[in-house]
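Asks: Pasting a structure here, questions to come.
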Amino acid sequence: MASVTYDHVVKEFGNVLAVNDLNMDIKDKEFLVFVGPSGCGKTTALRLLAGLEEITRGQIRIGDRVVNDVAPKDRDIAMVFQSYALYPHLTVFDNMAFSLKLRNTPKEEIKKRVGEAAEVLGIQELLDRKPRQLSGGQRQRVAVGRAIVRNPKVFLFDEPLSNLDAKLRVETRANISKLHQQLQTTFIYVTHDQVEAMTMATRIAVINKGQLQQLDTPQTLYDRPSNMFVAGFIGSPAMNFFPAKIKKDAGKLYVDTGNFALPIPQDRIKTYEHLDGRKVVFGIRPEDVHNPKFLPPNIHAETLSCKVDVIELMGNEIFLYLLSGQNSFVARVDPRTSFRVGDEVQVAFNMDNFHIFDTDTEMAVR
């Protein structure tokens, strides 16, 4: 078991800065997820840890050991790739045992380790099959099993669910979480899917353009994003953003978008009154925009008029795409809502859960 530390890590590919001064302490036995859009540097950060890419500057430590110049095979890590990379001519047993045979592990020990891993993953009956006889989910479990048998200090996962269908992704997501609980080993997992990140991680590292944006628990990222990028990336559908101005009038403080002005609750006025007269970005999540007929109890609700542009029926909820002047935004409303496209309607904003961001820096104001 081991912790992992990125200490001012930089990776350059020619003139491209793929990882920019990454500092991160990953705790022993933690399930940490790197999340961000394609090309943000998350996979590069994982490959630097695995030793598959050379660090330009900085240090990576596994436990107390600096591994910059340590060969990948000697770092005591195991990696599961997006492509399962199974040998087609070998059985499941031989695929899982391959790395152990290379290390001249005794046959009885190999049999024991493969058997234990197969039992954990529920693939005991597949050990005599070839990869072509397996489903995508079964192949994925074999790839994980091949990593488990090595008893590594750290598991690395590089978008391992990307090739699975939606139903199987949900099932396998749960299986990997259970596996982490059983093995009590450090897991580091890369994905562009923020739902995967939110449901699996003990902490999430949000990365954009090679830089760490925020590192925290899933709930903290959702409730208290540090900037507009994190606020827009975490949550589905994404947070709504409105150009606005903070205005004071008759002892009340308002956020004014030009099309509508909403009073800020009394208990939050002190936080934002220093912004009086300044341009800001007003943010609110779709789940905090309600049909006034179905409001949650005990919230500060402020209504505004808008027009229904698009409706998406999801069964257990409805997504409304709404227009208010030049502003378009999304509401996630009660399924009993009977709005139709083109209707002029009222919606209610939960002003207990709004966010204010600085226009220039895009950082959250708190």
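The values are calculated or read from the model by the stated rules, or taken from the named source; none is laboratory data. In this text the structure is predicted, and so the values were computed from the model without any measurement. Cβ: placed from backbone, ideal geometry, glycine included. Neighbour counts: every protein chain shown.
Asks: Quick check on the stretch 169-176. Is at least one of its residues more than 22 Å from VAL4 (Cβ to Cβ), touching a residue at least 12 places away in the same chain (Cβ under 8 Å) and polar (S, T, N, Q)?
Replies: Yes; the residues of the stretch 169-176 include at least one that is more than 22 Å from VAL4 (Cβ to Cβ), touching a residue at least 12 places away in the same chain (Cβ under 8 Å) and polar (S, T, N, Q).
Asks: Something else about it: Checking ARG268 against (1) in a helix (DSSP H, G or I); (2) at positive phi, only one condition comes out false. Which one?
Replies: (2)
Asks: Something else: Report those helices (runs of 4 or more DSSP H) wholly inside the stretch 38-142 carrying at least 3 residues which are within 30 Å of VAL16 (Cβ to Cβ) and out of contact with any Cys (no Cβ under 6 Å at 6 or more places or on another chain). If you could, list the steps in order and put the result at the bottom.
Replies: Working: elements: 42-50, 92-102, 107-121.
Result: 42-50.
Asks: List pairs: first in the stretch 143-167 and under 25 Å from VAL195 (Cβ atoms), second at pLDDT below 85 and among the basic types (Lys, Arg), Cβ under 7 Å, 6+ apart or cross-chain?
Replies: Qualifying pairs under 7 Å: LEU161/ARG169.
Asks: Here's another thing I want to ask about it. Which of the residues belonging to the stretch 260-277 are out of contact with any helix residue (DSSP H, G or I) (no Cβ under 9 Å at 6 or more places or on another chain) and either surrounded by 15 or more Cβ atoms within 10 Å (Cβ to Cβ) or assigned by TED's automatic domain parsing to the domain that holds PRO225 (or both)?
Replies: Across the stretch 260-277, the qualifying residues are PHE260, ALA261, LEU262, ARG268, TYR272, LEU275.
Asks: OK, next. Anything in the stretch 153-176 that is at pLDDT 90 or above and not acidic (Asp, Glu)? List them, or say none. Walk me through how you get there before you give the answer.
Replies: First, the residues of the stretch 153-176 that are at pLDDT 90 or above: 153-158.
Correct list: LYS153, VAL154, PHE155, LEU156, PHE157.
Asks: Among what's in the stretch 322-365 and is surrounded by fewer than 18 Cβ atoms within 10 Å (Cβ to Cβ) and hydroxyl-bearing (Ser, Thr, Tyr), pick the residue that is nearest to PHE241 (Cα to Cα).
Replies: Going through the qualifying residues, I end up with SER328.
Asks: Okay, moving on. Given the conditions (1) of a type in the set (D, E, K, R); (2) exposed (fewer than 15 other Cβ atoms within 10 Å of the Cβ); (3) assigned to a strand (DSSP E or B), and given that LYS245 satisfies all but one, which numbered condition is not satisfied?
Replies: Against the list (1) of a type in the set (D, E, K, R); (2) exposed (fewer than 15 other Cβ atoms within 10 Å of the Cβ); (3) assigned to a strand (DSSP E or B), LYS245 comes up short only on (2).
Asks: Consider only pairs whose beta carbons are under 8 Å apart and that are at least six residues apart or on different chains; among these, list those whose first residue lies in the stretch 245-256 and is in the same structural domain as ASP352 (by TED's automatic domain parsing) and modelled with pLDDT of 95 or more and whose second residue is exposed (fewer than 12 other Cβ atoms within 10 Å of the Cβ) and not charged (D, E, K, R).
Replies: If the second residue must be exposed (fewer than 12 other Cβ atoms within 10 Å of the Cβ) and not charged (D, E, K, R), the pairs left are LYS245/GLY277; ILE246/GLY277; LYS247/GLY277.
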